[in-house]
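One structure below.
What follows is calculated from the coordinates using simple rules that are stated; it is not laboratory data. All figures in this text were calculated on a predicted structure; none of them were measured in a lab. For neighbour counting, all protein chains shown are included, and Cβ atoms are generated from backbone atoms with ideal geometry for every residue, glycine included.
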Amino acid sequence: MAPQLPSGYWVGPGPLFMELPNLFKIESKKLCMVNERITNGSHGPVYMWDWARPISGGVEQEELQRLINIVSIVTIGMGKDKFKWNYDDSGDFRVADIKRYFSIFNRSTPISSFVWNNWVPKKVGIVSWSAEKDRLPTRCALARRSVNVPDLLCLFCSEHDETGEHLFVSCQFAQIIWQNIATWCKIPSFIAFDFKDILNMHGYNSGSWKKKKVLNAIFLVTVWCIWKARNEAMFNSVQPSVTKILDEVKSMAFLWIKNRSRDETITWENWRSFNIFS
Ligand SMILES: [Zn+2]
């Protein structure tokens with residue numbers, strides 16, 4: 001049986017205006033905030049209803065009683081409002097959770113996504129090819145092969161185990177890099193759910209085949225640069241830097257793509273602002 005998703009509403013199983021339509025009709029401020037109607041008193045919640053006219057008996061009175069029953073179980077905090085991820089008890093957002101919930105709805109992923117791109121060197125493509133096949137020597141992969149590793153933690157965030165998928169997809173550090181790449185390339189920011197999404201992402205964008213190919217090449221270079229930064233952190237204790245990785249992606253991808261595509265229209269100026277190909 002599929003697990004039940006939480007309702008996602010601040011209180012009750014649905015929006016209050018749908019649960020209590022007759023009461024909503026006489027609410028004087030339809031878009032009021034919770035703290036305009038409920039506050040904490042010394043003996044429990046204090047209600048500050050503001051109806052357009054006095055409540056009549058019958059169905060309105062009945063809905064008011066239901067409203068009080070619904071909201072009385074909520075504790076109103078006095079602190080600042082904050083976002084909470086409702087799909088996990090901790091309230092923290094994790095990409096892995098979305099992935100888990102999508103799997104409930106049988107979201108399918110393509111079987112294989114790797115296509116060699118001749119606008120980048122083979123050594124660049126090999127990192128993504130290996131990552132897709134889970135063949136990169138990450139700390140978890142090494143431990144699986146009984147190689148002694150100091151610990152399994154990711155060298156970027158030190159919070160989660162270092163698997164290929166974590167390193168390139170769900171790690172906060174990687175996500176900041178992908179966001180920046182999306183901004184630079186003027187494409188909508190994306191959240192990858194697994195490594196295949198990174199390999200397929202270029203196909204979801206509109207534009208010519210050249211534009212798609214260049215995006216794919218940039219994603220492959222980004223993966224290569226992330227892996228390089230990870231190795232520098234691991235073997236030379238070099239502090240990973242988002243700015244350094246982004247600079248490297250832009251300059252290396254420019255050199256390779258300009259030379260290999262033999263496209264005269266690419267210049268460093270239009271590359272930097274990504275005004276290339278439509
Ligand atoms: Zn990490």
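Structural remarks
- Normalising the Debye intensity of the chain to I(0), with uniform scatterers on Cα atoms only, and taking log10 at q = 0.07, 0.09, 0.16 Å⁻¹ returns -0.43, -0.63, -1.19.
- Asp81/His43 FRET efficiency (R0 22 Å; Cβ-Cβ; nearest 0.05): 0.35
- Proxy reagent accessibility, fewest Cβ within 10 Å first, across Ile176, Ile181: Ile176, Ile181
- Counting lysine pairs in segment 122-272 that sit 8 or more residues apart in sequence, or on different chains, and whose Cα atoms lie under 17 Å apart gives 24.
- When Trp85, Trp227 are sorted by how many other C-beta atoms sit within 10 angstrom of their C-beta, beginning with the fewest, the order is Trp85, Trp227.
- Label point distance in nm, Ile191-Lys29, each placed 7 Å from Cα along Cα→Cβ: 3.2 nm
- Magnitude of the charge dipole, the chain, Cβ model with Lys/Arg +1 and Asp/Glu -1, debye to 20: 1280 debye
- You can think of it this way: the chain between Glu269 and Leu152 has 37.9 nm of extra reach, that is 0.36 nm per residue less the Cα-Cα gap.
- Efficiency of FRET between Val74 and Asn205 - r from beta-carbon atoms, R0 35 angstrom, step 0.05: 0.20
- Proxy reagent accessibility, fewest Cβ within 10 Å first, across Trp51, Trp178, Trp209: Trp209, Trp51, Trp178
- What the phi angles of segment 27-43 give under the Karplus curve with 6.51, -1.76 and 1.60, with θ = phi - 60°, is a coupling list of 5, 7, 10, 5, 9, 5, 8, 4, 6, 8, 10, 10, 9, 8, x, 5, 10 Hz, glycine and proline written as x.
- Between the residues Leu23, Ala52, Thr39, the greatest Cα displacement towards the positive end of the dipole of segment 1-82, with unit charges on the Cβ of Lys, Arg, Asp and Glu, is found for Thr39.
- For the chain: relative contact order, % (alpha-carbon pairs under 8 angstrom, 6 or more apart): 15 percent
- Placing +1 on the Cβ of every Lys and Arg and -1 on the Cβ of every Asp and Glu, with nothing else charged, gives segment 108-198 a dipole about its Cα centre of roughly 420 debye.
- FRET efficiency estimate (nearest 0.05) - Cβ-Cβ, Arg53 to Trp184, R0 51 angstrom: 0.35
- Evaluated with a Cβ-only charge set (Lys, Arg +1; Asp, Glu -1), segment 122-272 carries a dipole of roughly 700 debye about its Cα centre, given to the nearest 20.
- Relative to the longest principal axis of the Cα atoms of the chain, the long axis of helix 242-261 lies at roughly 50 degrees.
- Whole-Hz couplings from phi, Karplus 6.51/-1.76/1.60, listed for segment 52-69; x for Gly and Pro: 5, 8, x, 5, 8, x, x, 5, 5, 4, 5, 5, 4, 5, 5, 4, 5, 4
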